[in-house]
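Participant: Below is the structure I would like to discuss, written out as structure tokens.
The values are calculated or read from the model by the stated rules, or taken from the named source; none is laboratory data. Here the structure is a predicted model, which is why all the values come from computation and not from measurement. Positions of Cβ are generated from backbone atoms using ideal geometry, with glycine treated the same way; all protein chains shown enter the neighbour counts.
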């Protein structure tokens, strides 16, 4: 089931069925779901720099997955053993993709390919732009290098 904090974060898109077929922008207040640990000036600066309307269909196409099991537009093959290692990264204060959702995503995968979830205390959804995120980037890079399985296909 979708956590309440996540539903609140996406409600502005889901409240109007017409949003399924158009670009939807967020107000500065709604954008706060991405920057909820930033100070007011920092959050406003990122809103002004980064907030652009996006396809409402992305969220609308994922709604049936909660109501009807089986392949939907947002279908994922959790048993794909040929996929590369996968790390889910979230901040403890992420309301858009809360750590509970990330852990659940990771737990759905089966097979021998490495799948992990990491949570970083005090960080929001816009984790890569948050102060101190350089250490997290280094941690994720170290994880990727430790789990590298070889050169990507098509690279020599």
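Participant: Taking segment 122-134 as the region of interest, how many residues are surrounded by fewer than 18 Cβ atoms within 10 Å (Cβ to Cβ) and in contact with a strand residue (DSSP E or B) (Cβ under 8 Å, 6 or more places away or on another chain)?
Facilitator: Number satisfying all stated conditions: 1.
Participant: Looking only at segment 20-36, which residues are touching a residue at least 60 places away in the same chain (Cβ under 8 Å) and not in a helix (DSSP H, G or I)?
Facilitator: 36
Participant: So, one more: Do any residues in segment 42-55 that are touching a residue at least 12 places away in the same chain (Cβ under 8 Å) have Cβ atoms under 6 Å from those of residues that are surrounded by 15 or more Cβ atoms within 10 Å (Cβ to Cβ) and in a strand (DSSP E or B), where the two are at least six apart or on different chains, and which pairs are they?
Facilitator: Within 6 Å, the pairs are 53/24.
Participant: Ok, one more. Being surrounded by 13 or more Cβ atoms within 10 Å (Cβ to Cβ), at pLDDT below 90, closer than 30 Å to residue 141 by Cα and touching a helix residue (DSSP H, G or I) at 6+ places or on another chain (Cβ under 9 Å) is true for just one of 46, 96, 38, 88. Which residue is that?
Facilitator: Sole residue among the options that is surrounded by 13 or more Cβ atoms within 10 Å (Cβ to Cβ), at pLDDT below 90, closer than 30 Å to residue 141 by Cα and touching a helix residue (DSSP H, G or I) at 6+ places or on another chain (Cβ under 9 Å): 96.
This table checks each residue for (1) touching a residue at least 24 places away in the same chain (Cβ under 8 Å); (2) within 12 Å of the chain's Cα centre (by Cα).
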site: 79; (1), (2): yes, no
site: 85; (1), (2): yes, no
site: 102; (1), (2): no, yes
site: 108; (1), (2): yes, no
site: 114; (1), (2): yes, no
site: 119; (1), (2): yes, no
site: 134; (1), (2): no, no
site: 137; (1), (2): no, no
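Participant: Regarding segment 107-118, can at least one residue be identified that is part of a helix (DSSP H, G or I), at pLDDT below 95 and surrounded by fewer than 16 Cβ atoms within 10 Å (Cβ to Cβ)?
Facilitator: Yes.
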